[in-house]
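Student: Starting off with a structure, shown below.
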Amino acid sequence: ADMTPRVAVDAVSPAVLALTLTLPPPSSAGALSCLLAPTAAPDGIAPADLAVLLSVSAVLPAPAIVSVAPSFVSAGSAATIRVETRGFGPVSPSSGALSVSIGGVAVPATVLFADKVSGAFSLDVPASLPVGTLALLLNIAGRNASKRFTVTPSDSALDAACVEGCRVGFGGGRESRFVIQGLPAGVLPGEVVAEVNGQQVVVQAIEGDVVTVILPALTAENEGSDPVESWLQVSLVASPDRYAVIPVTYMPAPKLVTAQLSADGGDILVTANQPTTASGSGDCAQWVRPDAGSGSLGEAPRCAWEAPSRLRVVPGRGASIMPRDTLLFVALGVTALGGSSDPIARHAVAVSAPAVLQVPEIVVSGPPEVGSCDDVVLFASGSSARALTFTWRC
């Protein structure tokens, strides 16, 4: 690889010299010193007098798990998996700085290689891990990274199916019901144990072959912006080998992701990352308002949900909201379509400029001719969705 710094001149004038400096990848974190010095100078000035010493900070990239292969194992089966990382730096196999856990269970790990840029490790996954989506946590010298790891049900599970409540929000707490074939007649909730992703689940009632549970909140390690596919495992206390596994999905709450001004600045299209239960039209205050320090939406702004994931905001007279201002979502009780998520939390979204700007049409009128010493009165007018301001220059 080319390790020579390169300099390109971007602009030069009597007062300013603009350069682009391309540096090779640093070998470690810290402060880098770079001396820029010309090879020649005007008469009477030494080149060293024009030299500039720059200090550039080199930081380590955030550590991350790049891949896990395979990314799942079957319940009751031990396996060896390979984990590849970046950003951790060199690791000595005998240093004791490496620790790995899956679902809170310590897992033996072997260093395959680890240099300044990337690393690879071999993990011995035990057969005792519970069915579910678990957090694989890797710690090297106090620096952490995580990735989801799945334990799938084995082929020996009892037949089961969801009745209702199989899609819940990250906060859990909802009642879910399942039909499980093969449970003994008259079995009581206390004679059954249930868990999801390694967490205990409250068995609320059993009526015939219908089991009702309260799913817990998703653990912080598994939270993110995507749905989390998980498995609920229900087994008999007296016969742990008789169990059922039912898929459940933890759904993230919707979130506003864009708020873009129209070409003429007359309205703002706000979009969410998934369909919501919001609908209707009316005063914007029931859904969004400008955040502190942002411009206003003017007098009596109106809002309308054009689709479950699209809100049209029409500012009123005197609106001053501009790109880089923010809108705050303030509605209560809005969830993902179907009510399968937690309610949307209050959050802000930045207003962006139009993709294509429509220039207002301006008309300037006045006398076609004027004397050299006469006053001139000019009139300017224009059409625009927003109030126009005029600046005159001669």
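The values are calculated or read from the model by the stated rules, or taken from the named source; none is laboratory data. Everything quoted here is computed from the prediction, not taken from an experiment. Cβ sites come from the backbone with ideal geometry, for glycine too, and all protein chains shown count toward neighbours. Areas reflect the complete protein model, heavy atoms only, side chains present, ligands, DNA and RNA absent. Shrake-Rupley method; radii C 1.70, N 1.55, O 1.52, S 1.80 Å.
Student: Find me the longest stretch of the chain that has none of the exposed trypsin sites (Lys or Arg not before Pro), where exposed means in a DSSP loop (not H, G, I, E or B) with at most 13 other Cβ atoms within 10 Å.
Tutor: The answer is 1-323.
Student: So, one more: With springs only between Cα atoms under 10 Å apart, run a GNM on the chain and tell me which of Val117, Val363, Val192 wobbles the most.
Tutor: Between Val117, Val363, Val192, it is Val363 that shows the largest mean-square fluctuation.
Student: Charges on Cβ only, +1 for Lys and Arg, -1 for Asp and Glu, centred on the Cα centroid of the chain; of Ser99, Ser57, Val330, which one is farthest towards the dipole's positive end?
Tutor: The residue sitting most towards the positive pole is Ser99.
Student: Only Cα pairs under 8 Å and at least 6 apart count here; give the relative contact order of segment 1-130 as a rounded whole percent. Don't skip to the answer; put the middle values down first.
Tutor: Numbers: 225 pairs, mean separation 23.2, N = 130.
In percent, rounded to a whole number, it is 18.
Student: I would also like to ask the following. Taking the Cα atoms of segment 191-234, report the difference between the largest and smallest coordinate on each principal axis, in whole Å and largest first.
Tutor: The Cα atoms of segment 191-234 stretch 37, 15, 13 Å along the principal axes, largest first.
Student: What do you reckon, how do Phe149, Phe170 stack up by accessible area (1.4 Å probe), largest on top?
Tutor: From most exposed to least exposed: Phe170, Phe149.
Student: If I take every Cα pair under 8 Å that is 6 or more residues apart in segment 227-366, average their sequence separation and divide by the length, what percent do I get for the relative contact order?
Tutor: It comes to 26 percent, rounded to a whole number.
Student: Can you check what the Kirkwood hydrodynamic radius comes to for the chain, Cα pairs only, in Å to one decimal?
Tutor: Here the Kirkwood hydrodynamic radius works out to 27.5 Å.
Student: Just the number: Rg to Rh for segment 217-333, Cα atoms, Kirkwood Rh, two decimals. Display every interim value, and only then the final one.
Tutor: Values: Rg = 20.8 Å, Rh = 16.9 Å.
That ratio equals 1.23.
Student: If you build a Gaussian network model of the chain, linking Cα atoms that sit under 10 Å apart, which residue out of Gly366, Gly103, Gly298 swings the most?
Tutor: Gly366
Student: Among Val117, Ala300, Ser340, which residue has its Cα furthest toward the positive end of the charge dipole of the chain, with +1 on Lys/Arg Cβ and -1 on Asp/Glu Cβ?
Tutor: The residue sitting most towards the positive pole is Val117.
Student: Now for a different question. Quote the FRET efficiency, to the nearest 0.05, computed for Ala353 versus Gln286 with a Förster distance R0 of 41 Å and r equal to the Cβ-Cβ distance.
Tutor: Values: r = 26 Å, r/R0 = 0.65.
Efficiency at R0 = 41 Å is approximately 0.95.
Student: If you average the sequence gap of Cα pairs under 8 Å that are 6 or more apart and divide by the length of the chain, what percent do you get for the contact order?
Tutor: So the answer I get is 9 percent.
Student: Note down the magnitude of the dipole of segment 80-163 about its Cα centre, charges +1 on Lys and Arg C-beta and -1 on Asp and Glu C-beta and zero elsewhere, to the nearest 20 debye.
Tutor: Rounded to the nearest 20 debye, it is 400 debye.
Student: For the residue pair Gln204 and Val66, what label-to-label distance in nm results when each label sits 7 Å from Cα along the Cα-to-beta-carbon direction?
Tutor: Taking the two extended label points, one gets 4.6 nm.
Student: Quick check on segment 65-115: what are the equivalent-ellipsoid semi-axes from the Cα gyration tensor, as sqrt(5λ), descending, whole Å?
Tutor: Result for segment 65-115: semi-axes of 21, 13, 9 Å.
Student: Mind telling me which of Leu232, Leu54, Leu337 comes out most flexible in a GNM of the chain, alpha-carbon contacts under 10 Å?
Tutor: Leu54
Student: Among Val16, Ser320, Ile362, pick out the residue whose Cα is farthest towards the positive end of the charge dipole of the chain, where Lys and Arg carry +1 and Asp and Glu carry -1 on C-beta, about the Cα centre.
Tutor: Comparing the listed Cα positions along the dipole, Val16 ranks first.
Student: Can you give the % of DSSP beta bridges in the chain that are antiparallel, to the nearest 5?
Tutor: So the antiparallel bridges in the chain amount to around 90 percent.
Student: If you build the Cα gyration tensor of segment 167-211 and take the root of 5 times each eigenvalue, what three semi-axes come out, in whole angstrom, biggest first? Show your work: numbers first, answer last.
Tutor: Working: eigenvalues 86, 27, 16 Å².
Each semi-axis is the square root of five times an eigenvalue, giving 21, 12, 9 Å.
Student: Further question on the same structure: Explain nothing, just the number: dipole magnitude of the chain about its Cα centre with +1 on each Lys and Arg Cβ and -1 on each Asp and Glu Cβ, in debye rounded to the nearest 20.
Tutor: 320 debye
Student: Give the ranking of Ile65, Ile45 by solvent-accessible surface, highest area first, calculated with a 1.4 Å probe.
Tutor: The ranking, largest first, comes out as Ile45, Ile65.
Student: So for segment 306-394: antiparallel DSSP bridges make up what percent, rounded to the nearest 5?
Tutor: In segment 306-394, approximately 100 percent of DSSP beta bridges are antiparallel ones.
Student: Could you give the size of the charge dipole of segment 230-344 about its Cα centre, using +1 on the Cβ of each K and R and -1 on the Cβ of each D and E, expressed in debye and rounded to the nearest 20?
Tutor: About 80 debye.
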